[in-house]
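Structure first, commentary second.
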Amino acid sequence: MNLSDQRRDEILEATTAFYHAGLLKSPRILTYLRGRRLSEEIMIQARLGYASGGLREHLLASGFGLEECQASAVVRADGKDFFFRKIAIPYVSHGKVMLLRARTDPEEPDKAYFPLPGYPVRLYGEDLLATAAQVIITEGEFDCLVLRQWGLDAVAIPGASAFKPEWVKLFGHCQRIYLDLDMDEAGRRATSCIAPYFGERALVVSLPQGKDVTEYACLGGTPKDYEELLAKAKSWISLELE
């Protein structure tokens, strides 16, 4: 069915609110996120959620039709939550939920992220780019949220290969753009692809321990330590020459 933008927005908002309430009632998931160095304050600010089931019934009781819920992709054709047993991450722009992405339940053997199908890929936290003089690009939303807890402006790409050239214009206000992607082969390749878009404005952060910001924090990295890493960040061109 054809679903209006307004109706889709309303369903995404209702889904985000339902999942967020579910997270706050899930001690196991809260404990996991705290272990990833996220405070409850940042979880609430970011409106993180957990899908434990029951979304279809909730949306129907809220006045949405089953076909509308399925057209928005939050409910599958079989009637189950698309994100059942996953940690939901809403992408919010100007106060409106634009899409949802999710991470597998921590009890699952493999870590994986899933986008809601049918929605364009977006930059996580892009609103701050309108005013930030400097910003850090991370690979993943949790890394971004750790840095925001530390008082730093950060955005996230949803995966190493997800950066879109059309996003470059969003960084027009930023004088310094730090790249802190995962310290693995995919992250290094992504850094070498993204940095040339920003030229001399791009600086690369090198973590002394851990493969990403979250692991760095879990291994004892502090906001002060990280500020020192930013001060030592090198231009991509310098690293290439080295």
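The values are calculated or read from the model by the stated rules, or taken from the named source; none is laboratory data. Keep in mind the model is a prediction, meaning the values are calculated, not measured. A quick note on method: Cβ atoms are made from the backbone with ideal geometry, for glycine too, and the neighbour counts reach across all protein chains shown. Heavy atoms of the whole protein, side chains included, go into the accessibility calculation; ligands, DNA and RNA do not. Shrake-Rupley method; radii C 1.70, N 1.55, O 1.52, S 1.80 Å.
Considering segment 201-242, the residues that are modelled with pLDDT under 90 and part of a helix (DSSP H, G or I) include one that is most open to solvent (accessible area, probe 1.4 Å), namely LEU241. Across segment 127-173, the qualifying residues are those that are under 25 Å from TYR32 (Cβ atoms) and polar (S, T, N, Q), and the one among them that is least open to solvent (accessible area, probe 1.4 Å) is THR138. Counting just the residues of segment 50-101 that are of a type in the set (Phe, Trp, Tyr) and part of a loop (DSSP other than H, G, I, E, B), which one comes out most open to solvent (accessible area, probe 1.4 Å)? The residue in question is PHE84. Do we find a residue being under 23 Å from ASP127 (Cβ atoms) and among the small types (Gly, Ala, Ser) anywhere in segment 61-69? Scanning segment 61-69, I find no residue that is under 23 Å from ASP127 (Cβ atoms) and among the small types (Gly, Ala, Ser), so the answer is no.
In the set (1) over 22 Å from GLU107 (Cα atoms); (2) touching a residue at least 40 places away in the same chain (Cβ under 8 Å), ILE44 fails one condition alone, (2).
Just checking, how many residues over segment 108-122 are in contact (Cβ under 8 Å) with a residue 24 or more places away in the chain and over 19 Å from HIS20 (Cα atoms)?
Of the residues in that region, 5 qualify.
Among all residue pairs at least 6 apart or on different chains, which show Cβ distances below 8 Å where the first residue, located in segment 50-77, is among the acidic types (Asp, Glu) and the second is outside any helix (DSSP H, G or I) and open to solvent by 30 Å² or more (accessible area, probe 1.4 Å)? Going by the 8 Å Cβ cut-off, the qualifying pairs are GLU67/MET1; GLU68/MET1.
For ALA21, the stated conditions do not hold, so it cannot be described as small (Gly, Ala, Ser) and not in a helix (DSSP H, G or I).
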